[in-house]
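Read-outs throughout are calculated quantities, based only on the coordinates presented, and are distinct from any laboratory measurement. Please read these numbers as outputs of a predicted model, since none were measured by experiment. Cβ: placed from backbone, ideal geometry, glycine included. Neighbour counts: every protein chain shown.
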Amino acid sequence: MADTVHFLTPEGRQKLETELEYLRTVKRQQVAENLKAAVEEGDISENAGYDEMKREQAFVEGRIQVVESILANAQVLRESGNGETVSIGSRVTVAEDGESPETYFIVGRAEADPFKGRISNESPLGRALIGHGIGDEVCAETPSGNIRFRIIAIA
């Protein structure tokens, strides 16, 4: 994971930096206080609250490590400027035969959210679109089968 480049938008980087600050300063302290309270309840060998707080502590510490790694290996995207070929950072409008056009923002996997129109460059559609231009037809191999799209616009 340490050698993997994580492509982030400026907003995505800020969001992760904010999350990391929250985890380090607020959430970590809350978990520590809850853990201390669970210990004070007595016998920790049969204390469900203690076990739950240890799991939460492990989750928070793990998430801190993941976010730190992403930020340490981040490459901040600038929106693609050429508009001729699809690349990471492009906004691309595609249409499937007989369907309404859809616009996607090609981002890194850390920011992918297909329901918000943000697809990873590593997703089947993202991989299929990269390097193609307006008017090109691309075929994306998805879990539900092959889907053919035509690129209408690139920004």
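Inclusion of residue 16 among residues that are assigned to a helix (DSSP H, G or I) and within 30 Å of residue 155 (Cβ to Cβ) is warranted.
If we keep just the residues of region 105-138 that are part of a strand (DSSP E or B) and of a type in the set (Gly, Ala, Ser), which is farthest from residue 5 (Cα to Cα)? Of everything passing the filter in region 105-138, 133 is farthest from residue 5 (Cα to Cα). Any chance region 19-32 includes a residue that's surrounded by 15 or more Cβ atoms within 10 Å (Cβ to Cβ), among the polar types (S, T, N, Q) and farther than 30 Å from residue 146 by Cα? Within region 19-32, not a single residue is surrounded by 15 or more Cβ atoms within 10 Å (Cβ to Cβ), among the polar types (S, T, N, Q) and farther than 30 Å from residue 146 by Cα.
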